[in-house]
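Enquirer: I have a structure here, written as structure tokens, and I will follow up with some questions on it.
What follows draws every value from the coordinates through simple rules; no lab data is involved. Quick caveat, the model's predicted, so the values are computed rather than measured. Virtual Cβ from ideal backbone geometry, glycine too; neighbours counted across all protein chains shown.
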Amino acid sequence: MIGPSATQRRLLAPAAPHRARHHPTPLGRRSSASQRVWLFDLDNTLHDCSKAIFDAIDHNMTQAVIEALDVDMGEAHRLRVRYWRLYGATVIGMVRHHGVDAAAFLERSHRFDPAPLVHSETGLAEKLRALKGRKILLTNAPMQYARQVLKTLGILQQFESLWSIDHMILQGRIKPKPSSALMKQVLARVGQPASNVVLVEDTLKNLKAARKLGMKTVHVFHPGTPFSGLHAGRSAYVDVRVNSIGRLLTGRHALRD
Ligand SMILES: [Mg+2]
């Protein structure tokens, strides 16, 4: 007996399950709200990135610099802060000036269990589920850390995909947020016009870059975010300003279609 051809096998094969499993909204609904794509930042947006987490990352990253460059702690601390100020991410300076392997450096920098340190607003999973549309994570943190935090928050399954700094290497260079090259790539992958895409973030410069490409913007105000205190009011490139994810669901804080 002759078996099915390669084409037939492809047609007969069950559809890849991951999309449906992770898709939070029924695909049959076609309102503009259900087409909306939410790009969520992680730290100080979906969870309160406590001082304990920042301290753990700082400590591990300084250790990573010590081990990569064989320098003392004082010099490692100085370089870590310098590259963070210069490039927005220490890893970029480490790759550019010292040729270290980005993935290995990031793995070493985040080699701790964030689970006991994660805090968020109450009922986050239910609130997120009530928000209609596709949800995608867009974080400058490494994948393993991001997955651990989302898992701890009980919301990992609500995201159809996760973008972490591991995916932000364009033409051999790390391009984290607010890189417009990165955001264009994300938009192309999302397959929706920018006006259907909303970036939810605590960092204003990332929102500014998103708005330049035509996305909608939600500023999650967090007092712990650097420079957030400089803007007492809402910036021109911010559509909605909230202090929790739950506020996105209610009254005047809801984003208009
Ligand atoms: Mg953030």
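Enquirer: Could you give the length gained by full extension between T250 and R78, i.e. 0.36 nm per residue of separation minus their alpha carbon distance, to one decimal place?
Expert: Taking T250 through R78 to full extension adds about 57.5 nm, to one decimal.
Enquirer: How would you classify the stretch 21-170 from its alpha-carbon gyration tensor, with a ≥ b ≥ c the square roots of the eigenvalues: rounded for a/c under 1.5, else prolate if a/b is greater than b/c, otherwise oblate?
Expert: Judged from the Cα gyration tensor, the stretch 21-170 comes out prolate (a/c at least 1.5, a/b above b/c).
Enquirer: While we're on this one: Convert each backbone phi in the stretch 117-123 into a coupling constant with the Karplus relation 6.51 cos²θ - 1.76 cosθ + 1.60 (shift: θ = phi - 60°), then list the ³J(HN,Hα) values in order as whole Hz, x for Gly and Pro.
Expert: For the stretch 117-123, the Karplus curve yields 9, 7, 10, 8, 5, 6, x Hz.
Enquirer: Next question. Can I get the semi-axes of the stretch 94-194's equivalent ellipsoid? Compute them from the C-alpha gyration tensor as square roots of 5 times the eigenvalues, in angstrom, largest first.
Expert: 26, 21, 8
Enquirer: Sticking with this one: Taking a threshold of 19 Å on the Cα-Cα distance, which of the pairs K175/K212; K175/K208; K151/K208; K127/K151; K135/K216 fall above it?
Expert: K151/K208
Enquirer: Eigenvalues of the Cα gyration tensor times 5, then square-rooted: what semi-axes does that give for the stretch 51-109, in whole angstrom, largest first?
Expert: 15, 12, 12
Enquirer: Now for a separate question. Using a 7 Å offset from the Cα along the Cα-to-Cβ direction at both R189 and E121, what is the distance between the two label points in nm, to one decimal?
Expert: Distance between label points: 2.6 nm.
Enquirer: Run the numbers for V71 and K212: contour at 0.36 nm per residue of separation, minus the present Cα-Cα distance, in nm.
Expert: 46.7 nm
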